[in-house]
Amino acid sequence: MRTSVLMVAAAGAAAAVLVASLRFGAALDAGLPGIPGPGALTEWALPALTLLATLLGVLTVGLTVTAAFLLPGDGTSVAAHGWLLMRRSTWPALLWACTCLLLIVVTVSDVLGVPVPRLSRPSVSSFAFSIAQGQALLLQAGLALVVAVLTRSGVSRGLAAVTAGLALVALLPPAFTGHSAGAGDHQLAVTSLALHILAASLWVGGLAGLLLVRRHRRFAETASRYSRLALACFVATAVSGAANAAVRLGSWPALGTSRYGLLVLLKVLALLAVGVIGAVHRSRTLPALRSGVPWAFLRLAGGELLVLGAAVGLAVGLSRSPTPVPEIAVEPDPLVELLGFDQPGPVTAARLLADPLPDMVFPVVVVVGILTYLAGVRRLRRAGPPWPASRTVSWVGGMLLLGAMTGLGVARYAYVLVSVHLVQHVVLATVVPILLIGGAPVTLALQVLRRPADPQVRGPREWLLLVLGSRFLRFLSRPPVALAVYVLSLYGLYLTGVLGRLMRYHLGHLAMLASFVVAGLLLFRVLLGAGRRRVHPAVLIVVHLLAVAAQAHLGLILLRSTSVIAADWYTAVHPAWAPSLLADQRLGAGLSWAFGALPAAVVLLLLVREWIRGDHGAGNFSPGDPDQSCANPNKERIPCQTP
């Protein structure tokens with residue numbers, strides 16, 4: 001069967017399942033009595049256009065990811081099949097952008113209850129530029145348009161990777177303003193939905209891209225690489241889907257007693273069916289494909305694509321169906337709508353540690369980071385070279401501390417108290433990066449990651465080396481630049497009013513927390529010698545002292561200030577049991593000094609020790625000097641990362 005025919009069949013299956021799920025889930029009967037509706041055109045066009053945008057986005061992601069990461073290249077360029085996939089992805093990306101713009105119109109019609117022909121131009125433009133849901137669709141359309149332009153901008157494999165990454169990012173804006181954003185525990189609802197979308201799109205789109213290159217002479221190897229990706233996507237889709245369903249259902253009995261729950265069960269069955277197909281692929285059809293018998297694999301992959309298409313239609317139907325937990329409460333609590341959770345009680349040590357804030361982004365990073373690191377240590381020990389236990393302890397400790405500061409009660413209280421937020425910032429920007437760098441993850445990765453058998457294939461190791469050798473990272477590794485980034489991350493956040501705006505949006509809050517860690521990693525990567533050039537320890541000591549002085553100066557400003565940072569946010573969420581806003585801010589300034597003093601002293605001692613060692617004849621002032629090398633199982637000499 002031709003791949004184009006198979007894709008049309010999968011889209012047809014998605015449309016048929018969408019219609020059935022809309023009718024069964026009462027998505028078309030959700031209007032309120034006595035209130036005029038937007039009309040049949042909007043009622044049907046909104047889910048239809050949502051499905052079309054989803055399919056086009058998935059296809060764009062699949063084609064670009066296959067071209068950039070799954071197919072062999074031609075030196076620094078994509079090969080012929082990769083170039084063809086990039087060219088083919090232009091039209092889906094353009095249609096995706098146009099569909100998003102149409103979705104703005106029908107969404108306005110649905111929200112206002114006005115038929116599309118009667119909509120005014122000002123109401124549509126106001127929705128697109130002023131309302132979060134419209135802004136998300138407009139941003140998605142713009143990103144899809146940029147992806148379309150990039151697909152015709154060159155043949156570089158790096159450009160193809162950037163295009164694929166941007167296509168993945170373009171999938172996400174509606175997730176932060178749609179069905180799950182209004183739920184209770186919206187941190188968990190939103191992040192689980194975002195991870196679900198990313199994993200499912202890579203899975204479905206990757207399969208579509210794989211089938212389009214079935215005539216490639218190295219199709220068997222490409223299929224094997226996709227199989228590993230699909231397994232990871234299967235696990236991520238299952239976990240994130242379960243978390244999101246739990247939030248939307250409210251209780252597990254609703255799984256069998258509500259129409260929404262029954263639709264979720266159907267989606268689970270589809271997931272299990274595709275999981276069984278994947279197991280058959282790995283045990284039977286992939287070996288047959290490597291033996292030169294492709295038809296069994298292609299037939300099974302075609303059936304898998306049809307089932308996945310039906311699952312996509314079911315997912316869109318679920319997004320339009322009323323849930324057991326209403327999206328808008330009968331008596332909404334403004335604080336719950338603002339925070340996403342009930343306001344916490346008075347601060348105690350037990351609540352800081354035992355009152356977790358449900359989320360998925362940082363817990364996934366922590367779990368994957370620890371398991372991947374431990375798997376690398378195990379592989380290295382099997383190959384022979386020893387790995388210091390202190391590095392493993394440092395990495396695991398840093399990851400666990402990252403999870404604690406972003407997922408336990410500390411994260412909950414950081415939303416409502418300036419003092420807890422400032423402590424969270426100091427720990428994430430200093431202690432966590434120092435511990436993570438102490439684990440030397442780059443050195444471990446370079447030692448355990450194997451080269452692909454095909455020299456034209458870029459595996460994780462090759463992409464890592466490209467990033468490490470990029471001009472951008474080398475620029476950021478210069479001590480003055482790393483110091484400037486660290487200082488700007490402090491003053492730019494607290495003295496410009498940015499903090500209050502970021503706290504109001506979950507995506508902005510996640511980006512802020514990530515920026516704390518990244519700024520710290522950049523600075524301490526330079527100070528502790530992880531990958532930098534030869535720099536005299538005296539220079540590094542000066543850089544470190546300047547960073548400490550900048551942090552202390554900011555604390556002094558907050559301590560003496562008569563105005564509260566992010567006053568609009570913290571005034572709205574300030575608990576009645578807490579001290580005044582100004583007193584809480586001054587408490588936070590003092591605590592940040594205390595929590596930052598110990599890691600600053602440890603780093604200073606390490607730099608002084610390095611200086612003394614250099615003066616005693618080693619002459620090598622940088623433990624991250626590129627001249628240093630160590631052995632790995634690939635029998636190569638690679639730069640060591642020594643904290």
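The values are calculated or read from the model by the stated rules, or taken from the named source; none is laboratory data. Keep in mind it's a predicted model, so treat the numbers as computed, not measured. Cβ placement follows ideal geometry from the backbone for every residue including glycine, while neighbour counts extend to all protein chains displayed. Accessible surface areas use protein heavy atoms only, side chains included; no ligands, DNA or RNA. Shrake-Rupley method; radii C 1.70, N 1.55, O 1.52, S 1.80 Å.
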Q) residue 91 to residue 464: extension gain in nm, 0.36 nm per residue of separation minus the Cα-Cα distance? A) 131.2 nm
(Q) Can you work out the Karplus-derived ³J(HN,Hα) for every residue in segment 412-427? Use 6.51 cos²θ - 1.76 cosθ + 1.60 with θ = phi - 60°, whole Hz, and x for glycine or proline. (A) 5, 6, 5, 6, 10, 10, 4, 4, 5, 4, 5, 5, 4, 4, 4, 5
Q | Rg and Dmax of the chain, Cα atoms only, in Å | A | 26.4, 88
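So what is the accessible area of segment 1-139 per residue, in Å², with the probe set to 1.4 Å? Working shown, then result.
Numbers: 6630 Å² over 139 residues.
About 48 Å² of surface per residue is accessible.
May I ask you to derive the FRET efficiency for residue 342 and residue 284 from their Cβ-Cβ distance with R0 = 45 Å, giving the value to the nearest 0.05?
Numbers: r = 52 Å, r/R0 = 1.15.
Result of the calculation: an efficiency of 0.30.
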Q: Quantify, in whole percent, the carbon and sulfur part of the accessible surface of the chain (1.4 Å probe; protein heavy atoms only).
A: 69
(Q) Placing one identical point scatterer on every Cα of segment 152-265 and ignoring solvent, what is log10 I(q)/I(0) from the Debye formula at q = 0.18, 0.19, 0.20, 0.21 Å⁻¹? (A) -0.99, -1.05, -1.11, -1.16
Q. Using a simple spin-label model with points 7 Å from Cα along the Cα→Cβ vector, what separation in nm is obtained for residue 26 and residue 389?
A. 6.1
Q: Mind listing the long-range amide H neighbours of residue 77? Cut-off is under 5 Å, sequence gap 5 or more, other chains count too, H placed in the peptide plane at 1.01 Å from N.
A: 157
Q | At R0 = 41 Å, FRET efficiency that the Cβ-Cβ distance of residue 488 and residue 351 yields, to 0.05 | A | 0.75
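So between residue 534 and residue 608, what do we pick up on full extension, going 0.36 nm a residue minus the alpha carbon distance?
Working: separation 74, 0.36 × 74 = 26.64 nm, distance 1.57 nm.
Gain in length upon complete extension: 25.1 nm.
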**Q.** Relative contact order [Cα under 8 Å, 6+ residues apart], segment 241-323, whole percent
**A.** 33
(Q) How long are the semi-axes of the equivalent ellipsoid of segment 377-509, defined as square roots of 5 times the Cα gyration tensor eigenvalues? Whole Å, largest first. (A) 34, 20, 14
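What does the convex hull of the Cα atoms of segment 344-432 come to per residue, in Å³, rounded to a whole number?
Values: hull volume 8.5 nm³, N = 89.
So the per-residue hull volume is 95 Å³.
Stretched out fully, how many nm does the piece from residue 367 to residue 218 gain, at 0.36 nm a residue minus the Cα gap?
On the way: separation 149, 0.36 × 149 = 53.64 nm, distance 3.40 nm.
This chain segment gains 50.2 nm when fully extended.
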Q.
From Cα pairs below 8 angstrom and at least 6 apart in sequence, can you work out the relative contact order of the chain, rounded to a whole percent?
A. 14
Q | FRET efficiency for residue 335 and residue 295, using Cβ-Cβ distance with R0 set to 51 Å, rounded to 0.05 | A | 0.25
Q: Take segment 530-611, drop everything but the C-alpha atoms, weight them equally and run the Debye formula without solvent; then report log10 I(q)/I(0) at 0.12, 0.20, 0.27 Å⁻¹ to two decimals.
A: -0.51, -0.89, -1.27
